[in-house]
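A short worksheet on the structure shown next.
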Amino acid sequence: MPKVDHKRKEVAASEKDWRLIADCIEGERAVKDAGEKYLPKPAAEKDSEYAEKRYKAYKTRAVFYNVTGRTLEGLVGQVFSKDSSIDLPDSLERYEPDLDGAGTPLEQQAKATLKATLSFGHCGLLADFPTIEEGRVVTLADIEELRIRPRILFIAPEQIINWRVSVVGGETLLSLVVIEERAIIKDDGFEFKTEPRWREIRLQQANEEGTEFAVAVTLWRKKDKPTNEDDKFEMLDGYPVLLQDFNGNPIDRIPFEFVGSTNNEPHIDKAPLLDLASLNIAHYRNSADYEEGVFMTGQDQLVLSGLSQEWVDKNFKGGVKLGSRAAIPLPKDADAKLLHADPNSIAAEAMKHKEEQMKALGAKLIEPKATKGTATEALIEESSESSVLSSATKNVSAAYRKALFHASRFIGEVDPETIEFDLNSDFAAAMASPAERAQIVAEYQAGLITFEEAREQLRKAGIAYQDDDVAKTLAEETLIPPPGSSGSGGVE
């Protein structure tokens, strides 16, 4: 019996990083709920009850400054600050408002996919079609009225536990994907119970000659009473099933697309937010030490010297009161003073240093990659430079175009060239400084660039938004002199 829950080594190795990033994105509650995983106890205590209370207070006072989550929201906000470019054939356009069959619009799901790509560097899209009862013919009316429909599902990185690629007819194709899912097995209307399921999607030979291929889908579950370690799984009734297109022909490609931060190959790319999340946790630990120090030494302490026990018993029966309206009687040669700790800036400085590092890391996700070199190297680099955000955005767009094509095969294949889906990628220029924007205007006024070229750059910088013709008319009405004009722009 196959071990369908086998997890690739790189998946198992990445899960700890993915959990760290996910907790940081979720925020303080998730980080603090993890306890000693992210915040070790400050010191060993013999009294376990006291140690637990002290650690609880230590953790409560700590502040988790959620740079990771805020950076992610800022990056995604850059992309979705402008509408995506979407133009789909009529056969696919009907699914745009509800891509997954659960009411999620295409652009909304793309936002979740981009978040996962930027966070973890790895996720997937599965084009799925319902299993049709044997003998039933799917009609055009079934599809048009959405009684039977394809859907595109977002697959989180931890769900993609296994895969393989194979050379088929000289082409390297995905030949296996195993997706771990959860299925509801008990539901009383209020509370429900789930169990794991494993969806095996495999490319297999469809004829003896090995010239034709088909995709088989099998759904597995754990047996209630396995007889031995090698007999733990069983396939659900009705499986395996062969995927077929609208004409009843076998689907010869696994309808699954990997999405990565570097490229859309099956291997796991480095998680873009990992370094930032790790630094965020280190900052959290510094905060715990800093707040502990503030609590322990932040208040002045009264010290009385030169007192006898007799004097104390006689004069301080009700305790010692401090303040301008209270007097402290002291005997001759006695003294009173307030002790306060000297500022300890080590933890505060460590926090400040990490805050600067986190800002730099966040900026690096947006900044184009650049290297110094010869003029030729610089020209080549300029044509290929991209930021992590730009790369992830383009990868998500490309994956959706392919996933939409996979979905179209279930309802009548369309020309992939007619599928247009591109997320906004003009966000980098929006980071132009005031000096850079001023330079654009200066070059226009000097006649070095045209009005349209200047407008395009200002539009990318998030400054210009009017149509060029409207903007030109308004500029003339407000008496802005054109390039090369010697007039003052005054009214004649």
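Each value in this text was obtained by applying a stated rule to the coordinates, not by laboratory testing. The structure presented is a predicted model; accordingly, all values stated were derived computationally and were not measured. No Cβ is skipped: glycine too gets one built from the backbone with ideal geometry, and neighbour counts run over all protein chains shown.
Computed values, structure above
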quantity	calculated
Note, ³J(HN,Hα) from phi for region 49-64, Karplus 6.51, -1.76, 1.60, rounded to Hz, x at Gly and Pro	5, 5, 4, 5, 5, 5, 5, 4, 5, 4, 6, 4, 6, 5, 10, 9
Segments 398-409, 58-69 sorted - mean Cβ within 10 Å per residue, highest first	398-409, 58-69
Length-normalised contact order for region 176-320 - Cα pairs under 8 Å, 6+ apart - percent	13 percent
Calculated FRET efficiency for the pair THR60/GLU26, C-beta based, R₀ 25 Å, to 0.05	0.85
Ordering of 255-261, 11-17, 412-418, 164-170 by packing [mean C-beta count within 10 Å, highest first]	255-261, 11-17, 412-418, 164-170
Pair ALA435, PHE192: separation of 7 Å Cα→Cβ label points (nm)	5.7 nm
Efficiency of FRET between LEU330 and GLU52 - r from beta-carbon atoms, R0 35 angstrom, step 0.05	0.25
Sequence ranges 194-200, 436-442, 305-311, ranked by mean other-Cβ count within 10 angstrom, highest first	194-200, 436-442, 305-311
